[in-house]
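To keep things clear, I will list the structure first and then write my remarks on it.
Bear in mind that the values in this text are calculations on the coordinates, not laboratory data. Only a predicted model underlies this, so the values are computations on that prediction, with no experimental measurement involved. We place every Cβ from the backbone using ideal geometry, glycine too, and count neighbours over all the protein chains shown.
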Ligand code: CP
């Protein structure tokens, strides 16, 4: 029997059982997707409408829905580059950014995305809030929603927190990262950036290198990349790779130098010191020697290799400054593109709320 999500997450705390359940469920569902047949990357987009009320993860999205978001984001980027930086699509809408965990990129990007669409924004941080007086996570969200909020962006250290909110709020819920579970807009902006740089995603070999075990970015990347037809390699020390991950259709590697020449893209995942128990690898020096991207490794890579990192980066650990700031790096492009991905997500969810069945790209 599955755990009762509502009961397990009624406090602002972490449930080990629920974490285990989500990890297990993620593995089973991804394995089922991989086993179900070829990717839907070629599905015609003209037949696709956005019908979802929430954006909780890439696990539940089809390849066509993912591509719809990427195309919408591309249209917003085109408009911005043409000078149309202020659009009216969310005028009168209130978007609440509820961040129960620290963030630089995601929080500011969602906030700016909402403003670019003319929404009013509420930016809530757990620090300094009435959580310290014992108010629960759900009560906090419901009280903020009562100010006329119709879209809630939530980041929380507990996997499943956005799902829980979606069951208790009338507002649309966008997952801005929930523990080790998913970070869908990061996965989308990574896909967008790869597609923009290379021209396509299908057929590429993309390595996720580092702390796969604790990474919600890795999970969203695995879902998104495999659905769009890329070959994914999970590379890192055995202690940082979840057992049985190969059942997800992902190649597992522990020798970075061996896979390097095959890679079209490398996504260097941050060592998540805040989520780790100690002793998962001997030392930072040894980790960066074996799995860090540096100038020497760049010379052994494909000339046009795309270097991604979700940020924040630990300079000198996952990658050296010459790689992070070099010509193959798209790290700041990822941040730029994150704005358009978040605009697209807010826009599509708003259109769904308006009850539209067909979602045209905005032209002005
Ligand atoms: N990549 C990412 O989620 O960064 P932040 O934690 O700064 O939002």
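For the reader, a short list of remarks on this structure follows.
- Taking a ≥ b ≥ c as the square roots of the Cα gyration tensor eigenvalues, region 223-262 comes out oblate, since a/c reaches at least 1.5 and a/b does not exceed b/c.
- Overall form of region 177-263 per C-alpha gyration tensor (a/c, 1.5; a/b vs b/c): oblate
- Rel. contact order, % - alpha carbon contacts under 8 angstrom, at least six apart, region 184-332: 24 percent
- Shape of region 98-150, Cα gyration tensor, a/c cut at 1.5: oblate
- The protection proxy used here, the mean number of other Cβ atoms lying within 10 Å of each residue, ranks peptides 265-271, 92-98 as follows, highest first: 265-271, 92-98.
- Considering only region 117-267, percent of DSSP beta bridges that pair antiparallel, nearest 5: 5 percent
- Descending by average beta-carbon neighbour count within 10 Å, the peptides 214-223, 239-248 line up as 214-223, 239-248, the highest first.
- For the listed peptides 160-166, 62-68, a ranking on the average number of other beta carbons within 10 Å per residue, highest first, reads 160-166, 62-68.
- Per residue Cα convex hull volume in Å³ - calculated over region 184-332: 99 Å³
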